[in-house]
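Working notes, structure below.
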Amino acid sequence: MYTHTLKHAMPIVATALGRRFGVQVQVGGAQAATDGHTIWLPDLPAASELRPVAWGLLAHEASHVRHTDMAVFEAVQAQSPLRRTLLNILEDIRIEWAIRQDYPGTETTLARVIDWMQATGQLQPPATEDHPARILTATLLLRLRHQVLGQTALAAAAHEAEQVLRQTFSASLVHRLWGLLTEVRRLGSTAEAAALAERLEQWLNAEATSPDTTPSTASERGAEGEAEANGAASAETPDADGSPRDGAGADDVHPPTASSQTPEVEEGGQAPRPATTDETGAAQAPDSGGDPNAAPQAAAGTDDGPESNAPNPEPEVGAAPEAATPVADSASVLDPSETPNGALRQALAAGEDDLAGDLFAQARQALAEAAGADDPETLRLPVGEEAFSDPHLNHLACQRVAATSRALATRLQGLVQASRMDRPGATWQGRTLLSRRLHRVGLGETRLFARPHRRPAPNTALHLLVDLSGSMNRRTEAGRPSFQVALEAALAVALALEPIPGVSVAVTAFPGQQGEDTRVSRLIRHGQSVRRRADAFDQGPRGGTPLAQALWYAAADLSLRPEPRRLILAMTDGDPNDRAAAHEILALCRDQGLETIGVGIAYDVSWLFPVSLRIQDAGDLQQALFGVAERLLISG
């Protein structure tokens, strides 16, 4: 058992975060994932170092649920692996930026996932020997997260990745790529992110089919790359107001400098060398082309050490002059696959395993593996699904219980009024005389007036759980199915309590509408009008008895309520699916101060609930619930 206190239990915290983000969260099992509507998280110990990772993953997946158009996103999955990866990177940046605008605190929550990945060595820059596709996508991921999302912990990794990128692809391609990526901050939808991913892939295809150019030497690429990196970084850096500065666009490409051009080799076997200048700016004549009779030229005005000042060796007397041997730069003999366009063609033809993986896939895997420490099949918190209600039929459901709910409402309101008024005390002044004290005037008694004392109104939240397992289809002595009697009794109690100030009621049926233990059916939520949801009580029996999951759901709901008194009332007619799990959550409820009452229908629940009732037939359920409602209002 992971949880020691209900307050810090993962299902409770996950429920709070899920409500804050407006998403459904299910805790338990062995997966960490989302389907675009519901988020699944495994249960983890309170002391687990992966708890912050789980909250970061929850925030990330919540941003997908809130901001991602899953239809557009899934349509791109049929495209090339490169386009899918590009969209995943762009969409992750877009949605995380969007959720930070709604909930600024998520910036820190998401950054903790990055910190964990770096601490465990899972987020490293690409190496020069990696596949070009991985170099490209990993660099995009690191750079965009650093510069767009401001995740400063990635600064060093992003810089190192960019150096590898510039060693793999041409400087002009990298420059234009950064220009295109200035649009990332302006993406407003999944469709726009998909369109940018498509443009990027089409542009890369066009670049790959253009005439290949021989790359410059490593030193030249490094110098040029550093200059362009500084320019691109300044274009990407946001202003103080968070908007991006105007950077170089896709068409703003500087022509290659002379130093980056490799001259063609002449037929004589040696490339002609143009006139150059030394480091002091003095002009130097072109090389003589290997003529042994030419006078050697010493570097003028430089002092770079013995190698730079060493004169050319004189040919030996009588020796035949050696033929000039062309010295090829290392870049001019690269394998075609290692040229910039060759690397680009490799990137475009990459398979799934050649690309940078989904950043949060590693977090999901780590959380799923951590779930193996406990029973991976143990579900804690189920998903609440809204029960269907037809507004045109609500009045019919109310009519069926009208007489019972009116009688109960009158009785309960009278109890509330009586319980709030104590026997009046005596005081020296007032407007109402206490006739029973008038005889004491002769004895000098002056406290003859009544002083009323009112107790505050009930300030209670009640969550009513209704068992709709298959066994609830049994008929009562009156011939009615037990589930109908239970649902009508719950509706009558909710209608009677609704008008009483200080009382908030929620009603939930379990299991879910399709009989799933992983779901519960919400009939009424706190604050909803009971009359407008009355038709939601038209339910039928299904499935087993996942009482523990229903108790977790009710406990999570009440833990977020402001009322000082909170009570769970569970009606069931059979043994729960998991006795140990039911004992666990009930013990946590008691420790947290949540009251629990069990009503067993022809079934003894005293072994499970500290306060319990047993009725022999579902027909007695109404009277039993009335007694609980009275206790709820006048106790404590």
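Which of the following residues is in contact (Cβ under 8 Å) with a residue 60 or more places away in the chain, over 26 Å from THR460 (Cβ atoms) and aliphatic (A, V, I, L, M): ALA550, ALA581, ALA570?
ALA581
Cβ-Cβ distances below 7 Å connect the following pairs, each with a first residue in segment 103-122 that is in the same structural domain as GLY18 (by TED's automatic domain parsing), a second residue that is among the polar types (S, T, N, Q) and surrounded by 15 or more Cβ atoms within 10 Å (Cβ to Cβ), and a separation of six or more residues or different chains: ALA111/GLN151; ILE114/GLN151; MET117/GLN362; GLN122/GLN362.
Just so you know, in segment 531-547 the residues that are surrounded by 24 or more Cβ atoms within 10 Å (Cβ to Cβ) and out of contact with any Pro (no Cβ under 7 Å at 6 or more places or on another chain) include one that is farthest from TRP40 (Cα to Cα), and it is ALA534. Identify the residue in segment 427-478 that is surrounded by fewer than 14 Cβ atoms within 10 Å (Cβ to Cβ), in contact with a helix residue (DSSP H, G or I) (Cβ under 8 Å, 6 or more places away or on another chain) and modelled with pLDDT of 75 or more and, among all such residues, is nearest to LEU523 (Cα to Cα). Looking at the filtered set, the residue picked out is ARG475.
With respect to ARG480, is the statement that it is without any contact (Cβ under 8 Å) to a residue 40 or more places away in the chain and over 18 Å from PHE388 (Cα atoms) true? So ARG480 fails the test. I'd like the residue in segment 34-81 that is surrounded by fewer than 16 Cβ atoms within 10 Å (Cβ to Cβ) and under 17 Å from ALA371 (Cα atoms) and, out of all such residues, is farthest from the chain's Cα centre (by Cα). Among residues in segment 34-81 that are surrounded by fewer than 16 Cβ atoms within 10 Å (Cβ to Cβ) and under 17 Å from ALA371 (Cα atoms), the one farthest from the chain's Cα centre (by Cα) is ALA47. Checked against the criterion of being part of a loop (DSSP other than H, G, I, E, B), charged (D, E, K, R), modelled with pLDDT of 80 or more and within 28 Å of THR68 (Cβ to Cβ), segment 30-45 contains one or more residues that satisfy it. Just to be sure, is LEU17 at pLDDT 90 or above, hydrophobic (A, V, I, L, M, F, W, C), part of a helix (DSSP H, G or I) and surrounded by 15 or more Cβ atoms within 10 Å (Cβ to Cβ)? The answer is no for LEU17. Filtering ALA206, ALA127 for residues that are over 21 Å from the mean Cα position of the chain (by Cα), over 25 Å from ALA59 (Cβ atoms) and part of a helix (DSSP H, G or I) leaves a single hit, ALA206.
Determine whether ALA550 is crowded, with 24+ Cβ neighbours inside 10 Å, at pLDDT 90 or above and on the phi < 0 side of the Ramachandran plot. When the stated conditions are applied, ALA550 passes them. The set of residues in segment 50-86 that are in contact with a Lys or Arg (Cβ under 8 Å, 6 or more places away or on another chain) and over 20 Å from GLN24 (Cβ atoms) comprises PRO52, VAL53, VAL76, GLN77. Residue pairs whose Cβ atoms lie under 6 Å apart, separated by 6 or more positions or on different chains, with the first residue in segment 510-529 and in contact (Cβ under 8 Å) with a residue 12 or more places away in the chain and the second among the acidic types (Asp, Glu) and assigned to a loop (DSSP other than H, G, I, E, B), are PRO511/ASP517. In segment 580-595, is there at least one residue being more than 18 Å from SER612 (Cβ to Cβ) and part of a strand (DSSP E or B)? Looking for residues that are more than 18 Å from SER612 (Cβ to Cβ) and part of a strand (DSSP E or B), one finds none in segment 580-595, hence no. In summary, strands (runs of 3 or more DSSP E) completely within segment 459-559 and bearing 3 or more residues that are out of contact with any Phe, Trp or Tyr (no Cβ under 9 Å at 6 or more places or on another chain) occur at 460-467, 503-510. Going by the conditions given, is PRO11 crowded, with 24+ Cβ neighbours inside 10 Å and assigned to a helix (DSSP H, G or I)? Taking the combined requirement at face value, the residue satisfies it. So is ALA570 closer than 20 Å to THR404 by Cβ and either aliphatic (A, V, I, L, M) or at pLDDT 85 or above (or both) or not? No: the conditions fail for ALA570. Among the criteria (1) surrounded by 23 or more Cβ atoms within 10 Å (Cβ to Cβ); (2) in a strand (DSSP E or B); (3) of a type in the set (S, T, N, Q), the one SER612 does not fulfil is (1).
Within segment 543-560, the set of residues being touching a His at 6+ places or on another chain (Cβ under 7 Å) and either among the polar types (S, T, N, Q) or over 12 Å from VAL507 (Cβ atoms) (or both) comprises LEU558 only.
The values are calculated or read from the model by the stated rules, or taken from the named source; none is laboratory data. None of these values were measured; they are calculated from a predicted model. Backbone-built Cβ (ideal geometry, glycine too); neighbour counts: all protein chains shown.
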